[in-house]
Amino acid sequence: MVNICCIGAGYVGGPSCAVIAYQCHDVKVTIVDLNQARIDAWNSDELPIYEPGLDEIVFSRRGKNLFFTTEVDQAIIDADLIFVSVNTPTKKSGMGAGYAADLAYIENATRRIAQVATSSKVVIEKSTVPCRTAQSMRTILEANSSKDIRFDILSNPEFLAEGTAVKDLTNPDRVLIGCLQTPEGFAAQQKLVDIYTRWIPQERVITMNLWSSELSKLAANALLAQRISSINALSAICEATGADVDEVAYACGTDSRIGPKFLKASVGFGGSCFQKDILNLVYLSEQLYLPEVAAYWKSVVTMNEYQKMRFTHRIVRTLFNTVTFKRIALLGFAFKKDTGDTRESAAITLSSYLIQERANVAIYDPKVSAKQIKMDLTEPGVGTNEAEVDKHVQVCSSAYEACAGADALVICTEWDEFKMEHLDYQKIFEKMQKPAFIFDGRLILDAPKLREIGFRVETIGKSA
Ligand code: NAI
């Protein structure tokens, strides 16, 4: 039986290795984490992350060939292959603060492997890391291990998107596996290819050198985010000229060289990866003395910040230049639909700007808890403190509750339940202050129909 250990039971480690256990019943998968509460949740009826289809996969294999534990050392000792799937957040202080990836978690996990391993291992970089991190991991492993133990390093970046993780893992566009171009490297690579090809067609399992594989992950995220910033930049031009960003996106997307995906204008991208990975690429470019390249990628993040600010300014301007003590219903707090993840969510920035304008913000999200919302809004750097949040934020248990008595309703996340076929906007209109404003930051509502009800509607990428 092949024995796999995954270090890091987060949004990536949990689903990606649970799917391996689901697809390969003869592979034993042990997912470990230092965070006891997270492991307890993985072992309970309520998993720590929400992903459509994940419960079925975990519940069907847990206790059979899928295990969650904090016994990190034992899992390392038993494993043939070890995925390192720990967090790599942007550094908050020191060299490269605000840009570089914090590799402390990667290093700690790597050192742990070196310290406790009693047999040879294939160590797989699953976390998103700067190009050539595998080199540092290899140096640490080799310097800390005994002579008769061999470590081979692979890069196997994860391309799943939150909200569609199970679908992406079950039927991925591609899987990348990078290795050192040596006979031992190729042999290690083949072990992982043999796992993935159990359910993924061979032609979608792409092998390459380590550094290409590491850089491809950063490059793919940078290119995706760049498309969003490009359409968002165009949305500003649309609002100023009377062009309609949906029509422009459609016109451009039907060009087969461009394609339609990731051309939806919005209040801005969020999530734990896009911003972090681009900033990481910016830092890498600077380290390589490529300032023009760094500035190019940096502008993608600058445009995203501008879009959030621009949308908030539009709200304030439209509400007669003041939102002080006005109730503003914010629908959606997760960074996108079908996930409870709020990391870098545009809703955090929007709420913070509105609170600073002394608005009373009533927030509803189907999957984000009040505790999480308050935690996000009081994080250092967000710009709002606990007293302000207590005074100005109410977390509601339904969209109707959030909108009751509100001057404006703002769509922040594109949850299906906020669409016209699911929410009764007539009922909402009746309970709101008049004039009743709607700001659609996700292009999910039918503005003409809402105007018929009596709403004043402002949509991103469309003039009023
Ligand atoms: P996460 O923060 O949800 O999970 C990481 C987990 O690793 C945490 O639970 C933490 O306690 C654990 N951990 C840290 N150090 C450890 C150690 N030494 N031993 C045991 N456990 C340890 O992070 P997430 O979102 O799963 O991301 C992991 C990596 O995957 C990051 O590099 C991220 O950039 C990348 N990634 C994330 C995607 C996403 O959608 N969240 C998509 C693709 C890649």
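Structure above, values below:
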{"quantity": "Degrees, to the nearest 10: 13-23 long Cα axis against longest axis of the chain", "calculated": "60 degrees"}
{"quantity": "Sites ARG150 and ILE237, calculated FRET efficiency, Cβ-Cβ separation with R0 45 Å, nearest 0.05", "calculated": "0.20"}
{"quantity": "Spacing of the two label points (7 Å from each Cα toward its C-beta) at ARG451 and LYS374, in nm", "calculated": "4.2 nm"}
{"quantity": "Cα long-axis angle, helix 346-356 against the chain (0 to 90 degrees, to the nearest 10)", "calculated": "50 degrees"}
{"quantity": "Given charges at beta-carbon only (K, R positive; D, E negative), |dipole| of segment 95-251 in Debye", "calculated": "780 debye"}
{"quantity": "Neighbour count of at most 10 Cβ within 10 Å plus DSSP loop: longest GluC sites (Glu not before Pro)-free window in the chain", "calculated": "47-420"}
{"quantity": "Under the Karplus curve 6.51 cos²θ - 1.76 cosθ + 1.60, θ = phi - 60°, whole-Hz ³J(HN,Hα) for segment 188-198, x wherever Gly or Pro sits", "calculated": "5, 4, 4, 4, 6, 4, 4, 6, 5, 6, 5"}
{"quantity": "Phi-based couplings in Hz for segment 295-301 (Karplus 6.51, -1.76, 1.60; Gly and Pro marked x)", "calculated": "5, 4, 6, 4, 5, 5, 6"}
{"quantity": "Summed side-chain charge close to ALA187 - residues other than ALA187 whose Cβ falls under 15 Å, Lys, Arg +1, Asp, Glu -1", "calculated": "-1"}
{"quantity": "Longest site-free stretch - the chain; sites: trypsin sites (Lys or Arg not before Pro), DSSP loop, at most 15 other Cβ within 10 Å", "calculated": "262-357"}
{"quantity": "Nearest-0.05 FRET efficiency for LYS64 and ARG111, computed from C-beta distance (R0 41 Å)", "calculated": "0.85"}
{"quantity": "Extreme residue, positive dipole direction of segment 1-123, given options PHE59, ASN43, ASN3 (C-beta unit charges)", "calculated": "ASN3"}
{"quantity": "log₁₀ of I(q)/I(0) at q = 0.21, 0.27, 0.31 Å⁻¹ - segment 148-196, Debye sum with one point per alpha carbon", "calculated": "-0.76, -1.00, -1.15"}
{"quantity": "Charged-residue dipole, Cβ positions (Lys, Arg, Asp, Glu), the chain about Cα centre, Debye nearest 20", "calculated": "600 debye"}
{"quantity": "5 angstrom amide H check on ALA329, placed H, neighbours 5+ away", "calculated": "ALA362, ASP407, ALA408, LEU409, VAL410"}
{"quantity": "Separation in nanometres of the label points that stand 7 Å from Cα toward Cβ, at TYR289 and THR170", "calculated": "5.2 nm"}
{"quantity": "Relative contact order (percent, whole number), segment 410-456, Cα cutoff 8 Å, 6+ residue spacing", "calculated": "49 percent"}
{"quantity": "Rounded to whole Å, sorted largest first: equivalent-ellipsoid semi-axes of the chain, Cα gyration tensor", "calculated": "42, 24, 21"}
{"quantity": "Distance in nm between pseudo-label sites at ARG358 and ARG204 (7 Å out along the Cβ direction from Cα)", "calculated": "5.6 nm"}
{"quantity": "Calculated FRET efficiency for the pair GLN36/GLN394, C-beta based, R₀ 51 Å, to 0.05", "calculated": "0.95"}
{"quantity": "The chain: Cys lacking any partner C-beta under 4.7 angstrom", "calculated": "CYS5, CYS24, CYS131, CYS179, CYS238, CYS252, CYS273, CYS396, CYS403, CYS412"}
{"quantity": "³J(HN,Hα), Karplus 6.51/-1.76/1.60, whole Hz, each residue of segment 215-220, x for Gly, Pro", "calculated": "6, 4, 5, 4, 5, 5"}
{"quantity": "Added length on full extension, which subtracts the Cα-Cα distance from 0.36 nm per residue, ARG257 to SER44", "calculated": "72.0 nm"}
{"quantity": "Too-long pairs where the Cα-Cα distance tops 29 Å, listed order kept, from LYS431/LYS462; LYS391/LYS427; LYS167/LYS191; LYS191/LYS337; LYS264/LYS391", "calculated": "LYS191/LYS337; LYS264/LYS391"}
{"quantity": "Centre separation in Å (Cα based) which lies between segment 397-464 and segment 242-321", "calculated": "24 Å"}
{"quantity": "Net charge dipole size for segment 319-464 [Lys, Arg +1 and Asp, Glu -1 on Cβ; Debye, nearest 20]", "calculated": "340 debye"}
{"quantity": "Where chymotrypsin sites (Phe, Trp or Tyr not before Pro) in DSSP loops with at most 14 other Cβ within 10 Å are excluded, longest remaining stretch of the chain", "calculated": "1-288"}
{"quantity": "Reach of LYS261 by Cα under 13 Å, taken over aspartates and glutamates that are not fewer than 8 positions away in the same chain", "calculated": "ASP246"}
{"quantity": "Leading residue at positive end of dipole, segment 308-464 (Cβ point charges), from LEU423, LEU331, THR312", "calculated": "THR312"}
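None of the figures in this text is laboratory data; all of them are computed from the coordinates on show. Being a predicted model, the structure only gives us computed values, none of them experimental. Counting neighbours? That spans all protein chains shown, and the Cβs are built from the backbone with ideal geometry, glycine included.
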